[in-house]
Amino acid sequence: MMNPSASASRNETLSAHFASMVMQNAQMALMLLGQVPHPETGQTVTDLEGARMFIDQLEMLEVKTKGNLTKEEEQLLKQSLVGTRMAFVAATQQQEKAAPPVSDSSAAASVPPAPALETPDAPAPLDDESRKKFSKKY
């Protein structure tokens with residue numbers, strides 16, 4: 001049987017690991033959204049799909065751990081989700097502003113016209129009298 005102090009120590013360790021995992025996912029999402037520089041290169045990176053994956057993982061943690069977290073753990077997870085979601089929206093809007101607008105005239109000019117369909121040696125339509133009518137007798 002475990003003594004109460006060992007159980008409390010185990011819960012504290014698990015709580016610290018949970019907080020570390022939440023913070024790692026949030027940091028990775030923020031790094032991929034260009035909010036935090038890459039730790040090795042110092043450059044900012046923008047990868048919306050990669051960031052979305054880390055945000056989705058945080059959302060999964062929220063759903064799967066509902067009712068099993070301490071108030072502090074729940075608050076940390078909620079704040080991490082709000083922060084990363086807001087950064088995702090800002091990065092998406094910034095990317096849309098940076099992309100050059102596509103005008104209809106330039107898009108239409110770049111699409112070549114469809115070639116005309118030709119049917120070589122197509123038979124001429126037959127009139128009703130020249131058609132043979134088949135009937136099946138049983």
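The values are calculated or read from the model by the stated rules, or taken from the named source; none is laboratory data. Please read all numbers here as calculations on a predicted model, not as lab measurements. Every residue, glycine as well, gets a Cβ built from its backbone with ideal geometry; the counts of neighbours run over all protein chains shown.
Residue by residue, here is whether (1) in contact with a Gly (Cβ under 7 Å, 6 or more places away or on another chain); (2) of a type in the set (A, V, I, L, M); (3) modelled with pLDDT under 95 holds:
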| residue | (1), (2), (3) |
| --- | --- |
| P4 | no, no, yes |
| A8 | no, yes, yes |
| M21 | no, yes, no |
| L30 | no, yes, no |
| P37 | no, no, yes |
| Q43 | no, no, yes |
| F54 | no, no, no |
| L58 | no, yes, no |
| K64 | no, no, no |
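Residue under question is V45, and the condition is that it be more than 14 Å from the chain's Cα centre (by Cα) and closer than 24 Å to A99 by Cα; does it hold?
Details: more than 14 Å from the chain's Cα centre (by Cα): yes; closer than 24 Å to A99 by Cα: yes.
So V45 fits the description; yes.
Condition first: among the hydroxyl-bearing types (S, T, Y) and either in contact with a Ser or Thr (Cβ under 7 Å, 6 or more places away or on another chain) or exposed (fewer than 15 other Cβ atoms within 10 Å of the Cβ) (or both). Now tell me which residues in segment 43-70 satisfy that.
Within segment 43-70, the subset among the hydroxyl-bearing types (S, T, Y) is 44, 46, 65, 70.
T44, T65, T70, listed by residue number.
Which one is farthest from S80 (Cα to Cα) among residues in segment 31-53 that are in contact (Cβ under 8 Å) with a residue 12 or more places away in the chain and not in a loop (DSSP other than H, G, I, E, B)?
Among those residues, the one meeting the criterion is T46.
Consider segment 62-83. How many of its residues are of a type in the set (K, R) and more than 23 Å from the chain's Cα centre (by Cα)? Steps first, please.
Going residue by residue through segment 62-83, those that are of a type in the set (K, R) are 64, 66, 71, 78.
Remaining after also requiring more than 23 Å from the chain's Cα centre (by Cα): 66, 71.
Qualifying residue count, segment 62-83: 2.
Against the condition among the charged types (D, E, K, R) and either in contact (Cβ under 8 Å) with a residue 24 or more places away in the chain or not in a helix (DSSP H, G or I) (or both), how does R10 come out, does it pass?
Details: among the charged types (D, E, K, R): yes; either in contact (Cβ under 8 Å) with a residue 24 or more places away in the chain or not in a helix (DSSP H, G or I) (or both): no.
No: the conditions fail for R10.
Looking at R85, is it surrounded by 10 or more Cβ atoms within 10 Å (Cβ to Cβ) and either aromatic (F, W, Y) or without any contact (Cβ under 8 Å) to a residue 12 or more places away in the chain (or both)?
On the way: surrounded by 10 or more Cβ atoms within 10 Å (Cβ to Cβ): yes; either aromatic (F, W, Y) or without any contact (Cβ under 8 Å) to a residue 12 or more places away in the chain (or both): no.
Spelling it out, it is not the case that R85 is surrounded by 10 or more Cβ atoms within 10 Å (Cβ to Cβ) and either aromatic (F, W, Y) or without any contact (Cβ under 8 Å) to a residue 12 or more places away in the chain (or both).
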